[in-house]
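The values are calculated or read from the model by the stated rules, or taken from the named source; none is laboratory data. Computed from a predicted structure; not experimentally measured. Cβ: placed from backbone, ideal geometry, glycine included. Neighbour counts: every protein chain shown.
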Amino acid sequence: MRKLSVVNIDAGLFSILDSVTDPEVPVLTILDLGIVREAVFTDDGLIKIVITPTYSGCPAMDVIQFEINAALENAGFHNAIIETNLSPAWTTDWMTEEGKEKLKKYGIAPPAEKTSDPSFLTGSGKVIACPHCGSNHTEMISLFGSTACKSLYKCNDCKEPFDYFKCH
């Protein structure tokens, strides 16, 4: 089983939840993203799943909750409670290494090593490697890309635009 930074997950629920993909970045599962914080069978026979959005107000959360319920019902579980928890706030540190690799292969630069970005204090730009050619000769075009959790960059070597999955 791959390393996840979840608080508590039942092994019986792992494969079910690992089939649910993010509607905004369909190459990633909700386990790759690390938004599942808890998935357990309760003492009263219910399934409790706690998820944390990548951003508070993330528009994909309703779809994700629907897809979790659908996956559980397809597996024969009709008694799930899905809770959204905003604290602690989600961080890219919760993403799996496999998820970061999937992003890169999909053409999205994965988050940099640090969750905080002090570059705005110094005026220096963040160096993001191009997921297409690997060049560090890139520049940010827009702070927001195709979704709020991504920035739009372009590579000055291969000339390809790409999204960068922002750290936070």
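How many residues does region 51-73 hold that are in contact (Cβ under 8 Å) with a residue 40 or more places away in the chain, farther than 25 Å from Ala112 by Cβ and not β-branched (Val, Ile, Thr)?
3
Filter region 137-166 down to residues that are of a type in the set (Ser, Thr, Tyr), in a strand (DSSP E or B) and under 18 Å from the mean Cα position of the chain (by Cα) and give me whichever is nearest to Met95 (Cα to Cα). Spell out the reasoning first.
Looking only at region 137-166, we keep the residues that are of a type in the set (Ser, Thr, Tyr), and these are 138, 142, 146-147, 151, 153, 164.
Those still in the list that are in a strand (DSSP E or B) too: 138, 142, 151, 153, 164.
Checking which are under 18 Å from the mean Cα position of the chain (by Cα) leaves us with 151, 164.
Numbers: Ser151: 17, Tyr164: 14 Å.
The extreme case among them is Tyr164.
Of the residues that make up region 52-73, is at least one under 16 Å from Leu13 (Cα atoms) and touching a Lys or Arg at 6+ places or on another chain (Cβ under 6 Å)?
no
Could you tell me whether region 72-81 includes any residue that is closer than 28 Å to Ala109 by Cα and of a type in the set (Phe, Trp, Tyr)? Break it down into steps so the answer makes sense when it comes.
Step one: list which residues in region 72-81 are closer than 28 Å to Ala109 by Cα, which gives none.
No; the residues of region 72-81 include none that is closer than 28 Å to Ala109 by Cα and of a type in the set (Phe, Trp, Tyr).
Checking Asn69 against (1) in a loop (DSSP other than H, G, I, E, B); (2) among the polar types (S, T, N, Q); (3) at pLDDT 90 or above, which test does it fail?
The number of the failed condition is (1).
Which condition does Val27 not pass, out of (1) assigned to a loop (DSSP other than H, G, I, E, B); (2) more than 15 Å from the chain's Cα centre (by Cα); (3) modelled with pLDDT of 95 or more, if it passes all the others?
(2)
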